[in-house]
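One structure is given here, and the rest of the page talks about it.
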Amino acid sequence: MSAPTALVGRTKRLPGWYSWAVAAGSFVAASLVLLLVSRPTPASVVLLGLVIFVVAGWAVSRSVEGPRRAKDRLATSVVTGAFALAMIPLVSLV
């Protein structure tokens, strides 16, 4: 059975600011968790924030956009996270 013609080509998409909002929320959540558990350092906030960012971004994307776009966002998040992780020692030298 085929889809109705009115629904062909229409998929739900997240807005462009979605990634920035998830990133900001992830780093705020990481800071709060680390404040409750221990004394946060910039490196620990970045590491935990990246983990939260990848997991939250994938979960929201999968529920709204579906599995295919969620995989794309997951790959993009992992590459961005790897870049941010590589920047930690470089920034600490400054």
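The values are calculated or read from the model by the stated rules, or taken from the named source; none is laboratory data. Given the structure is predicted, the values throughout are model-derived calculations rather than measurements. Reconstructed Cβ throughout: ideal geometry from the backbone, glycine too, with neighbour counts over all protein chains shown. Surface areas here come from the heavy atoms of the whole protein model, side chains and all, with no ligands, DNA or RNA. Shrake-Rupley method; radii C 1.70, N 1.55, O 1.52, S 1.80 Å.
Quick one: which of 56, 86, 30 is in contact with a Leu (Cβ under 6 Å, 6 or more places away or on another chain) and small (Gly, Ala, Ser)?
Details: 56 fails: in contact with a Leu (Cβ under 6 Å, 6 or more places away or on another chain); 86 fails: in contact with a Leu (Cβ under 6 Å, 6 or more places away or on another chain).
Residue meeting the stated conditions: 30.
Which ones in the stretch 34-58 are surrounded by 13 or more Cβ atoms within 10 Å (Cβ to Cβ) and farther than 19 Å from residue 20 by Cβ? 34, 40, 43, 44, 47 - these are the residues of the stretch 34-58 that are surrounded by 13 or more Cβ atoms within 10 Å (Cβ to Cβ) and farther than 19 Å from residue 20 by Cβ.
Within the stretch 59-90, being open to solvent by 90 Å² or more (accessible area, probe 1.4 Å) and within 23 Å of residue 41 (Cβ to Cβ) holds for 83, 90.
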